[in-house]
Each structure stands twice: as C-alpha cells, then as structure tokens.
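Comments concern the structure below.
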Amino acid sequence: MKVTRKIFLPVALLVAVVLSMILSWFIWTNNPVRYERNKEDTVTSTSTQRDLSTKSIRDIYLPVQVITTDVGGNQNLMNNHKVNLVTEIRDRMSTWKSNRMVLVKSRSKSDYLAQLRRPDTVMMNYDSSITVKVFNRVFKNQLKGVRNRKFNRIQIKMDDAKHIYLLNDNGYRIYRVTVSGQKLSKLRSVLKTNLIKYPINLKMVSDQPTVFINKGLKMPRYSYMINKQDANNFVNRLMSSDNENISIKKRQNVTTYDDGSYHRLQVNTKTGFVTYGDYSSMKSINTYTNMLLRSYGDLKKIGIPLDNTRFYYYNKKTSSVAYRGFVEGFPIFNQAEYGTARIQLQGQSIKRYNFSLYGLQVPVPSRQKDKDLPTTQSMLDQLKQAGIKEADVDNIQLGYEWKQNKASSEVVDLNPTWYVRYQGKWRTYESLLSN
C-alpha cells in the first residue's frame, strides 16, 4: 500500500502539471482576440487596487477605422488580427512634416462623398472630431505651422507623396495639407499582410457619411474573464481625503457616498454602473482642444483599466466626452451606459463621470459558433418592414454587445451585432425588430 502511494502521488502531480500547461496553452491560442496593447503601456499600482494598465494619449486618441479604396474605386474596411493596424500606420507617419494647409472650396454632399471615395487612398476615421493640436500629440507633431482646425478623417493618396487630406463631416470641409518626408512604400508594406477585408460602400445616413458593408458577415463571438473593482477604490481616489466625513446611504441597489464638500459618488451594485459628481469650482475650458485634453486627464484620474479604450464622441449639447472599449477594431456597447466612461464638464462648477466597476481581463475560449449578420442595407430593409422610420435613424455601427455569461458571473460574452442609433439611443437591430 505504501509503495502504491509513493508511485501514485508523483504520477498524479505530474498529470496535474501537464493538464495545467495544456489548459493554459488552449486558453491563449484558441481565442485570437487581443487587447490593443503596445509598447507605450505603463503600469501603476496602489495598495488598495490591482495593477491598472494606463494608456497614453497617443493610444486613447487613435483613429478607430481604416478604409482603403483601390485604383478601381472598390472600398474595404480593413482589420488585422496580428497587429494593431492603426498603430502601425501612425508609426509610419511619425516622420512626416507639414508646412501648409488650404481649404478646398467644396462643401456639397456629392463633392464630399466623391472625396471619401477617391481611388487609390487610405483613410483613417474618428467617430467624432479631433483637432490639429490633439493630432500632433498622437502622431508626433508633424502638422506644424497650420491652423488648429477640427477634422474626423485623415486621407492619404497613395500616388501623391506631397499631400494628405483632413476631412470634417460637419460642413463637408476638405483641407489639403502639404507634407514632406512621406515614404509611401513603408505604408504600402503595412497594408499587404494579415489583412481582413470587409467590402463596403460609403453612403449618407442623416446627412452623415456611413459605412455600408455590402457582403453578409460571419463574425466571431468572444468571451472574457472580467474583473470587478471595489467601489472603495473610487471613494478613496475621487472623494475628499477625510473619509470620516463621508456618509453612506443605501437604497435598493444604489449606494451613495457623500463627503459633504461638493463630491458625490453613486454605485449601482446590480449593474456595476457608477456616477460621480464634483460640484466644486474648476478652471474654465475655453477651447475644444482643452475639452478633449481635460477629459483625458479626468479619465486617467478615475483609475479604470484602459487597455482597449478609444475616444468615441463629443456631445456639444451635454458638454461631454465619451470613451468606448474596442475589440478587434469594433466598438463594445452596453459595458456601461455611455461606453467605457463619459466625462461631462459644464461651465466652471460641474464635473460628472459615468463609468463601470467591470473591465475585461483575459480572453477565454468561446464555444459559441460565429454569428451570421446581414449586410447593412438588408438590415435596414428589415427595420423598415418592421415600421422603423429611416428619419429616426442617424447612425449605424457594427459592434459587440456586452452580455453576462449565463454559466458564470465572472465571464462576459461579447456578441457581434448591428447597432442602430434610433431616436437618439443606441439599440441592437434585433431589439428594434422585436418591438
């Protein structure tokens, strides 16, 4: 019996180690989804929280889409599972310099669409405008000596090494920038390997250029382990330093922390959504550039993981900037009410943050089959037949829906779907069809 035990225990231990190694390998190789990490990540830590990956402004304010148009006018939405395509293009552009910008005299929808469809071009898109000064921080200061204009698209003509174009959907403005140092051969090399192409057309929806994918899709589903931060971390970070003066009130699923000196934090313990209000005075914000930069500073102040987060939109009516998570180049919806986080800065006395306690941690194998999705036009035709008026739709996005895994509270599923902004709110097209 003793001999049997002596043999059995080492063998069992060896089997356990081998199984652990196999499972680890399976997890990291069976799911291609990645965070958008790169060499600019830094790590900070405190005694009250897990290490958080903090992204520089060069990563948070990267464009969110790459569209190519070939010499025949065929357009494709581009992706790359091996590398971050936008980062690769940005790095190739880091040595370009400019000395002149002119406004092309064209403001009609037809002329603007013609520019967006211009053959032999590469175009990087933002969902909301940035400025030349923000661009210079992200792309390393090559737009020097030009006016601080707003734009949301960067277009490179692959047969013209002397110019790039900055495009603004608001007012259909086209700026031509004279540049030097362009090495288009390096840019072409980035666009040759490991590419995933989605055939598209650019069309107008509510007077805004919109990507229409014109071929049926088979999109992968992903699953992630999630981490939940302790609400006390945010109380310590955002409230006054004197915790003895903080009152705590609980009502149903909402816990409210109030320090009695202009700071209030509310946590919905059921959804994980957090709302923070700072009603003390702050420096006035007199430019759009300052608004973007200030909101980025506040985003870092919150202390949430930003591994896959990008600037998403600016809402002038609410004076707020929203940031959203992305997976494999597509936005994640429903993580929190406004994306990963929303920073609202009003006047000189109101500051509000909206964010979530939950964040993506590591990918795990998903046993769900890829999901078939219709073309953009087919999806809209279905909505029309269901009684959805085209005038009530002002934006369309292919994205991922954040849903709690049914089998484990520690896992979240990311399901691909069409998102439609209907009557001012983002909805999945399935939910609109089921109304």
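Residues of region 381-404 that are open to solvent by 50 Å² or more (accessible area, probe 1.4 Å) and in contact with a Ser or Thr (Cβ under 6 Å, 6 or more places away or on another chain): Asp394 alone. The residues of region 257-298 that are outside any loop (DSSP other than H, G, I, E, B), touching a strand residue (DSSP E or B) at 6+ places or on another chain (Cβ under 6 Å) and open to solvent by less than 30 Å² (accessible area, probe 1.4 Å), listed by number, are Tyr257, Leu265, Val267, Val274, Tyr276, Gly277, Asp278, Thr289, Ser295, Asp298.
Note on region 331-353: residues that are modelled with pLDDT of 90 or more, within 25 Å of Met225 (Cα to Cα) and surrounded by fewer than 20 Cβ atoms within 10 Å (Cβ to Cβ) total 0. Among the residues of region 305-330, those identified as part of a loop (DSSP other than H, G, I, E, B) and either buried (at least 24 other Cβ atoms within 10 Å of the Cβ) or among the small types (Gly, Ala, Ser) (or both) are Leu306, Ser319, Gly329. For region 45-156, give me every one of the helices (runs of 4 or more DSSP H) that falls completely inside it and has 2 or more residues that are of a type in the set (S, T, N, Q) and either over 18 Å from Thr289 (Cβ atoms) or at pLDDT 90 or above (or both). Because the criterion is at least 2 residues that are of a type in the set (S, T, N, Q) and either over 18 Å from Thr289 (Cβ atoms) or at pLDDT 90 or above (or both), the helices (runs of 4 or more DSSP H) in region 45-156 that meet it are 109-116. Of the numbered criteria (1) on the phi > 0 side of the Ramachandran plot; (2) of a type in the set (S, T, N, Q); (3) at pLDDT 95 or above, the one Thr376 fails is (1).
The values are calculated or read from the model by the stated rules, or taken from the named source; none is laboratory data. Here the structure is a predicted model, which is why all the values come from computation and not from measurement. With ideal geometry, Cβ positions are generated from the backbone for all residues, glycine too; neighbour counts draw on all protein chains shown. All accessible areas refer to the heavy atoms of the entire protein, side chains included, with ligands and DNA or RNA removed. Shrake-Rupley method; radii C 1.70, N 1.55, O 1.52, S 1.80 Å.
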